[in-house]
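The values are calculated or read from the model by the stated rules, or taken from the named source; none is laboratory data. This structure is a prediction, so every number in the text was calculated from the model and none was measured. Cβ placement follows ideal geometry from the backbone for every residue including glycine, while neighbour counts extend to all protein chains displayed. In case anyone asks, the SASA skips ligands and DNA or RNA and just uses the protein heavy atoms, side chains included. Shrake-Rupley method; radii C 1.70, N 1.55, O 1.52, S 1.80 Å.
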Amino acid sequence: MGQGPSKPKASAHDKAVFELKKQRDVLRKYQKQLATVLDREHAIAKQCLTAGDKRRALLALRKKKYQEQLLAKTDQQLVTLEEMTSTLEYAVIEKEVMAGLQQGNAVLQALHQEMSVEKVEAILDETAEAIAYQKEIEELLGTKLSEEDEAEVERELAQIQEEAALALETKMPSVPVTARPVAENTGVEEEVPTAAAAEKGKEKKPASYAPLPA
Amino acid sequence: MSTNYAPPVPFEFPPIYSFPPFFTLQPHAPSRDKQVTAWVDLIRAYCTHHRVYRLSLNASILDLPLFRNAALNRSVSRDMLHTLLTALVKADLAEWTSKSKTHVFVYWKSLSEWSDTLVAWAKDNGFANTVVTGYEVRLGDYVTDQEFYAMDEAVFAKVVAHLDHQRRIVMINPSSNVDELGFKIIG
C-alpha cells in the first residue's frame, strides 16, 4: 500500500528521548529483578534462622540491605532520567512556540514592508491627484450643466411670468364689473372693457370660462 | 499457551462444552462443520477471556480446560486439535507461527484491531506523538490495566510492523528485541 503521506523521519531529538527512555526501561527491569532478589534473600534468611544458621541468615540480610540501597539509588537515577526526558520534551515545545512566534513576526514584517511610509505617501498623493482631477471634471461638467440649467431657468421664468400675466388679465375683467356699481351699465357697455382686454388674444376667454369648453 | 494473565472472573463455558460428543470429531460432514464452527467460536471466546496469544499442538495444551473437560473426562485428540487449529487459521483468527504448523498465534483481536487499540490508548493517555519504547507499551507501569498488557512479544512485533506499514507510527529504533523498539504513535 503505497498511499498515505511520505514516511516521517525520526529526528535526532527523538533518538535522544528514545535512548533516555531505553535507559529508564533498563532501570525498571533492574528494579523488578532486585525486588525478586530481595524477596529471595528474605526467604533465605528466614530459612537459615529456622535451620539455626545465624551467620548465613545475617549474610542474607546484609545482602538484602545492600540490594535495598541499590534500589534506592536506581530510584534516584530514574527520577533524573525522567527529568531529563521531560526537559527534552519541553524544549521541543519551546522550539515550536519559538517557530510560531518567528513565523508570525515574518508575516508581520512582510506586511509592514508592503505598507512602507513612502508607499503610503505615494498612494495618498495619487489619491489627492485623483480627487483633484475628479473635481476638475466635476467643475467642467458642472459649468456646462449650469448653462443648460440657466436656459431652462430662463424658460421657466418666462413661463411663470406669462402665467402671472395671464392670471392678472383674467382677473382684470371682473374689476370693472364690480368697480362700477353706480354706473348705469348696459350689456353693450359691459362688453367694452372685455373687448379692450381681448387684444392679447382669445386665450383669456377660455381661461376665464375654462370650465365649460374643457 | 503462555500467559500470566489471571482473568477477574472464571470463563463460562457454553452448554455444548458439557456435551460429550463435542470432544470427538463427527464423521458426518455437515455435523462436523457445525461442530468445528462451534469449536472455533469457543476457542476465540476462551482465548479472549484468558488473553491467550498462542496455541500449539503440544501434548500439554490438551490439558488446558478448553480442550479437556475434567467433569466429563473427555478431551480433544491431537488430530482433532490440528483440525481445529487449521479451521481457526482459515477463519483468520489465527496464523501458523512457522511452516512446521505446530504453533499458532491466536488473533482474538486482528492485527488491525490491535493497531486501533494501541493508537486509541496513545491518544487517550497522552502518549501520542511522544517517543515510547516497546517495553513501556507492553509492560510499562501505565499499561497494567490495558487489554494489551503483557501481549505476546511476537504478536506485539507484528502489530508494531502493521502500524509502521500503515504509517501510523514513526519508527525511531527498529529492533528484533521488542522491548527495545522505539517509536512515536502519530495521534
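What the table below lists for this structure:
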item: Segments A:28-35, A:116-123, B:36-43 sorted - mean Cβ within 10 Å per residue, highest first; result: B:36-43, A:28-35, A:116-123
item: Rounded accessible area per residue of the protein assembly as shown, 1.4 Å, Å²; result: 66 Å²
item: Vicinal HN-Hα couplings computed from phi for the stretch A:159-170 (Karplus, 6.51 cos²θ - 1.76 cosθ + 1.60; Hz; Gly/Pro x); result: 4, 4, 4, 4, 4, 4, 4, 4, 4, 4, 5, 5
item: Rounded accessible area of A:THR80 (nearest 10 Å², 1.4 Å probe); result: 80 Å²
item: Out-of-range pairs (alpha-carbon distance over 21 Å; input A:LYS32/B:LYS123; A:LYS21/A:LYS63; B:LYS123/B:LYS184; A:LYS32/B:LYS158); result: A:LYS32/B:LYS123; A:LYS21/A:LYS63; A:LYS32/B:LYS158
item: Carbon + sulfur, % of accessible area of the protein assembly as shown - ligands and nucleic acids excluded, 1.4 Å; result: 57 percent
item: Shielding by partners, peptide A:77-86 (average Cβ within 10 angstrom, other chains); result: 0
item: Fraction in percent of alpha-carbon pairs per bin - 5 Å, chain B; result: 1, 7, 15, 19, 17, 13, 10, 8, 5, 3, 1, 0
item: Backbone HN-Hα couplings from phi across the stretch A:73-90 [Karplus 6.51/-1.76/1.60, Hz, Gly and Pro as x]; result: 4, 5, 4, 4, 5, 4, 4, 4, 4, 4, 4, 4, 4, 4, 4, 4, 5, 5
item: Whole-number percent relative contact order across the stretch B:15-106, with pairs defined as alpha carbons under 8 Å at least 6 apart; result: 31 percent
item: Long-range HN-HN contacts of B:ARG54 with modeled amide H, under 5 Å; result: B:SER2, B:VAL106
item: Solvent-accessible surface (1.4 angstrom probe) belonging to A:ARG62, in square angstrom, nearest 10; result: 150 Å²
item: Residue-averaged beta-carbon neighbours from other chains (10 angstrom radius) around A:22-33; result: 3
item: Accessible area buried at the A-B interface, both sides summed, 1.4 Å probe (Å², nearest 100); result: 1800 Å²
item: 3J(HN,Hα) from dihedral phi, the stretch B:69-80, Karplus parametrisation 6.51/-1.76/1.60, rounded to Hz, x for glycine, proline; result: 9, 4, 5, 8, 6, 10, 8, 6, 7, 4, 4, 5
item: Global size of the stretch A:13-115 as Cα Rg and Dmax, reported in angstrom; result: 26.0, 95
item: Relative contact order (%) - the stretch A:13-115, alpha-carbon pairs under 8 angstrom, separation at least six; result: 33 percent
item: Surface accessible to a 1.4 Å probe, B:ASP124 within the full protein complex, Å²; result: 120 Å²
item: The protein assembly as shown: calculated mean residue ellipticity at 222 nm from DSSP helix runs of at least 4, using -39500 (n - 2.57); result: -21500 deg cm²/dmol
